[in-house]
């Protein structure tokens, strides 16, 4: 099979050509595009990153790029990876490799010039397809058929691939969520057997894989298989709410909403604040991620908890002011998923929300004779509460008059 360069821009793009010509000039066949770009092109999915495999050593790659005037960064020299950058676009170029030894996560590699040996160390057959610059393909494991059929199958024995690198368990499910149609039974069974080994992985890496999986258009069947196989338990033993996750996914797909990883993670936690707090801690999520997860699940102040999808406009504005547009939207989507009403109008209001400014400031109260301190803060809170109760209609003069009354 051949990919037509005229139909696949990643093959014919001037920047791609420049990199390939630099490390494989003329009619030579020293560099081929491999992995995601080829797989996505075969499946009709967008091609984003272009990764290149080459027979050149890392130093030869560096020298060839520099000779062509292309910026070259030795991003992973020990493992044979150089990043070429043209007009801000990166191209990851890796020397063909073979594994010398593995420890369940990282491999000691040696460089080779044999394309088949390099292919044999990759994870899945659909990721071991190499495209020459003319679009012709080197496909030693029938990966083209897998890509076209949306099958994710390990190269060789799945148990052996997982013993080499336990991260491949999560990659198997992530790739199925994005590119597969049904789990390969042998691969799934091998992942279930190897799942206890996930304890050895850095939690940050687990979190990154989980977020990417949840960002797929419909990860529900894959997450269900992982739950039934107890794959999550070594890294996240909390009880999972698959039904709430599926409800969020169905709403996203049915209403044309973009998947939101954190909302889906919160749904998988059942929208429970204790569970999302545990998730953030165990996965070593960023402070911003953990704060957002907690905010969408925790009890809210000032009556915002009582607001449900389809609420009266005044109550909605109050909740938007109290919670902020992001937290309000997150809570409405979770409430909708629980069957508490349709959230379209609420999400539209949040998208157009501009938080109004309280018409008076602390300086205004100081000008009235208030001293900086707790009393001034208390009066400001009282004025803000009255202003909110008025649906943000009380003007500056009225609020200052109320402040003067409070001073006596």
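Quick look at the numbers
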{"quantity": "Segment 299-351: C-alpha pair distances exceeding 14 Å, %", "calculated": "39 percent"}
{"quantity": "Cα-based Kirkwood hydrodynamic radius, segment 362-407, one decimal, Å", "calculated": "10.6 Å"}
{"quantity": "Footprinting exposure proxy for 160, 233, 27 (fewest neighbouring C-beta atoms within 10 Å first)", "calculated": "27, 160, 233"}
{"quantity": "Relative contact order of segment 217-333, pairs being alpha-carbon contacts under 8 Å that are 6 or more residues apart, as %", "calculated": "20 percent"}
{"quantity": "Segment 218-232 and segment 237-256: distance between their alpha carbon centers, rounded to Å", "calculated": "12 Å"}
{"quantity": "Mean Cα-pair separation over length for segment 362-407, i.e. relative contact order, pairs under 8 Å, 6 or more apart, %", "calculated": "42 percent"}
{"quantity": "Those residues of segment 301-332 whose amide nitrogen sits under 11 Å from the label point placed on residue 277, 7 Å along Cα→Cβ", "calculated": "none"}
{"quantity": "Cβ-derived FRET efficiency at R0 30 Å, residue 181 paired with residue 7, nearest 0.05", "calculated": "0.80"}
{"quantity": "Computed label-point distance, nm, for sites residue 386 and residue 358 using a 7 Å Cα→Cβ extension", "calculated": "1.3 nm"}
{"quantity": "Relative contact order, percent, the chain [alpha-carbon distance under 8 Å, six or more residues apart]", "calculated": "9 percent"}
{"quantity": "Length added when fully stretched, residue 21-residue 148, from 0.36 nm per residue minus Cα-Cα", "calculated": "42.8 nm"}
{"quantity": "Global geometry of segment 22-79, whether rounded, prolate or oblate, following the gyration tensor of its Cα atoms and the 1.5 cut on a/c", "calculated": "prolate"}
{"quantity": "Separation of alpha-carbon centers, segment 65-103 and segment 270-304, rounded to whole Å", "calculated": "39 Å"}
{"quantity": "Per-pair calculated FRET efficiency, R0 = 22 Å: residue 48 and residue 326 via Cβ, rounded to 0.05", "calculated": "0.25"}
{"quantity": "P(r) tail fraction, segment 140-225 - alpha-carbon pairs more than 21 Å apart, %", "calculated": "27 percent"}
{"quantity": "Between 0 and 90°, nearest 10: helix 168-179 axis offset from the chain longest Cα axis", "calculated": "80 degrees"}
{"quantity": "Net length gained if the chain between residue 227 and residue 243 were fully extended (0.36 nm per residue, minus Cα distance)", "calculated": "4.6 nm"}
{"quantity": "For 78, 364, order by how many other beta-carbon atoms lie within 10 Å, fewest first", "calculated": "78, 364"}
{"quantity": "Label-to-label distance, nm, for residues given as residue 111 and residue 301 (7 Å Cα→Cβ offset)", "calculated": "6.0 nm"}
{"quantity": "Cα centroid of segment 330-353 to Cα centroid of segment 166-207, whole Å", "calculated": "33 Å"}
{"quantity": "Neighbour-count order for 94, 398, fewest beta carbons within 10 angstrom listed first", "calculated": "398, 94"}
{"quantity": "Helix 287-297 axis, angle to the chain major axis (alpha carbon atoms, nearest 10°)", "calculated": "60 degrees"}
{"quantity": "Kirkwood Rh and Cα Rg combined as Rg/Rh, segment 1-149", "calculated": "0.95"}
{"quantity": "Label of the coordinate-derived value, mean projected area of the Cα convex hull in nm², listed as [x] 25.3; [y] 18.5; [z] 19.8", "calculated": "[x]"}
{"quantity": "Helix-only [θ]222 nm of the chain, DSSP H runs n ≥ 4, -39500 (n - 2.57) each, per residue, nearest 500", "calculated": "-14500 deg cm²/dmol"}
{"quantity": "Cα gyration tensor, segment 157-294 - rounded (a/c under 1.5), prolate or oblate", "calculated": "oblate"}
{"quantity": "Between 0 and 90°, nearest 10: helix 185-194 axis offset from the chain longest Cα axis", "calculated": "70 degrees"}
{"quantity": "Chain lengthening between residue 288 and residue 218 when straightened (0.36 nm per residue, less Cα-Cα)", "calculated": "22.7 nm"}
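A short reminder: the numbers here are calculations on the coordinates, not readings from a lab. This is a predicted model, so every value here is computed, not measured. Glycine also receives a Cβ, built like all others from the backbone with ideal geometry; neighbour counts cover every protein chain displayed.
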